[in-house]
Amino acid sequence: MAPGFYLQSKFCDNDEKNRHARFLDHKLSGTKRYSTPYRFNFEESFSDCLIPFLDETQSSKKLKETPCTDEFVSSEESFYSSSTSGFYSGSNSGSTESLNSVSKPHFRDHIWAYTQRYLAAETMEEAAAALIGGDEDEVKEEGSADGMRLVQLLIACAEAVACRDKLHASTLLSELRSNALVFGTSFQRVASCFVQGLSDRLALVQPLGTVGVVIPHLKTMAISSEKEEALSLVYNICPHIQFGHFVANSMILEAFEGESSVHVVDLGMSLGLRHGHQWRSLMNSLANRAGKPRRLHITGVGNCAEHLQEIGDDLEQYAFSLGLNFEFSVVECNLENLQPRAFKLIEGEVLVINSILHLHCVVKESRGALNAVLQKLHQLSPKYLILVEQDSSHNGPFFLGRFMEALHYYSAIFDSLDTMLPRYDTRRAKIEQFYFAEEIKNIVSCEGPARVERHERADQWRRRMSRAGFQSAPIKKITQTKQWLEKMKISEGYTTVEEKGCLILGWKSKPIIAASCWKCSSV
């Protein structure tokens, strides 16, 4: 562990009286916790800050049961004031009476709060330890002192933003802006994206003394020319999207075995890439097979029918040049409003559903939105549902936990870009600032419906798919995927491994993208 960076995964086992005395002393003195050098202490941070800033994934009713009278009044403080009121008054005799006066449901809420806080502490420790301790080469490159100072400032600023301490957070952001450089080292560059997200979030938080976390903020998701160019650069330079396309097409080709007609439903229509790269590649593979299929039907699902039809027209011309019987259809809707009857299904054709880095956008606070969509997809009885998603936990209930997980995840991606593009290459700046920075800012600054980048780990997707009636189908192209990665001549730091039926693309030891295949349990 680098010097000056302190993590405490479990709550202190020191004498309870000393703990309460420190808590009371802090409340009375009003002294700031964010000193330099910064020591990240979970006991103080979580007890004062995390509970008032739970994401909407938790029930708002639980927060209302313990009203807040100032910024640092939380479930834990309420527990202190009730169960240890005798201690605060200089006597322990009142503790038992206070505990007895707490109703059972209220007491269970406190137990729940402590449990969630403990789990978040472990998550943050793991992410920070990997970020700092696991990237020794990068820290040496940046300079131990400067790199560690930047990490400390980022975490301190995230905590200040979470606690709605606008004055201190603004001070830290000013220092961060002078050190987090867009054309600096990989960590300086990723830090610049997180600074943007923290700044946006700070502008949305309500002042001290008010109830609530973040004012609802809806952003338009229109694709600008810069974002479109950045997406194209990501596709051509980074292996993430092409990896998903390769695995998906391999499974679709397998679905063609013994079949003459296949219908592919593309959710999100390949992220909006204008030239339908995934489907051009699939058509080339089909055209080179010994027995050409009788028919390929692709349905694009998305919000803009005009944009989808442009892609379809382009694909129709390409299919004609290859001599393939091709049909393209459009279903214009949000996935939440998707209806099985909207699809043009023909008896005898095999159905495959394709989702590349898209279904995570349907994950909502209610946890029921995605399940409803998956159940509708299950009603279509597809032979395969191919799922490709970012393999990281950016949808936890705690802002600080999400922040640390995202910092670790995107640090690995920015590190990989160092090996593929020179530092001052404008292409890399466009990829980072117009593609990955947009994801980072959405994770860090947005809440509620505005937060659409809700990436989850492969294990969580397994549970979701299982509940919706799907079961895992083996991916048989693992060897071919490794050969494809070598053929692409991508940096040696990228690896592919198979884990519990998923094929995972990772940078060094950090998982980046997970691809899996599913079939209906009844099939």
When the stretch 256-383 is reduced to its Cα atoms, the Kirkwood hydrodynamic radius in Å:
15.3
Quick one: what are the phi-derived ³J(HN,Hα) couplings along the stretch 154-160, Karplus 6.51/-1.76/1.60 with θ = phi - 60°, whole Hz, x for glycine and proline?
4, 5, 4, 5, 4, 5, 5
Amide H neighbours of Glu499 at under 5 Å, excluding residues fewer than 5 places away on the same chain, with H built from the backbone geometry, are Ile504
Answer with one residue from Leu400, Ala412, Tyr384: the one whose Cα lies farthest towards the positive end of the charge dipole of the stretch 359-440, charges on Cβ with Lys, Arg +1 and Asp, Glu -1.
Tyr384
How would you rank 241-252, 371-382, 258-269, highest first, on the average number of other Cβ atoms within 10 Å across their residues?
241-252, 258-269, 371-382
In order over the stretch 330-339: 3J(HN,Hα) from phi, Karplus 6.51/-1.76/1.60, θ = phi - 60°, whole Hz, x for each Gly or Pro, gives 10, 10, 8, 5, 6, 4, 5, 9, 5, 10
So how do 495-504, 420-429, 338-347, 298-307 stack up, highest first, on mean other-Cβ count within 10 Å?
298-307, 495-504, 420-429, 338-347
Counting only residues 5 or more places away or on other chains, whose amide H sits under 5 Å from the amide H of Val350 once H atoms are built in the peptide plane?
Ser261, Val262, His263
Solvent-accessible heavy-atom area per residue, rounded to whole Å², over the stretch 374-509 at 1.4 Å:
38
For the stretch 355-364, Karplus couplings with θ = phi - 60° (6.51, -1.76, 1.60), whole Hz, Gly/Pro x:
10, 10, 6, 10, 5, 5, 5, 8, 5, 10
Based on Cβ point charges of +1 for Lys and Arg and -1 for Asp and Glu, what charge dipole magnitude is obtained for the stretch 258-348 about its Cα centre, in debye rounded to the nearest 20?
400
Return an integer: the convex hull volume of the alpha-carbon atoms of the stretch 318-408, in Å³ per residue.
142
Sorted on mean Cβ neighbours within 10 Å (highest first), peptides 179-186, 514-521 come out as 514-521, 179-186
Kirkwood-type radius of the stretch 388-523, with distances r between different C-alpha atoms, in Å:
16.5
Go through Lys487/Lys508; Lys430/Lys476; Lys376/Lys482 and tell me which ones have a Cα-Cα distance over 24 Å in this structure.
Lys430/Lys476; Lys376/Lys482
With a 28 Å threshold on alpha-carbon distance, the violating pairs from Lys344/Lys477; Lys344/Lys383; Lys383/Lys441 are Lys344/Lys477; Lys383/Lys441
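The values are calculated or read from the model by the stated rules, or taken from the named source; none is laboratory data. For clarity, every value in this text was computed on a predicted model and none was experimentally measured. So basically every Cβ, Gly included, is an ideal-geometry build from the backbone, and we count neighbours across all protein chains shown. Side chains included, ligands, DNA and RNA excluded: accessible areas come from the protein's heavy atoms. Shrake-Rupley method; radii C 1.70, N 1.55, O 1.52, S 1.80 Å.
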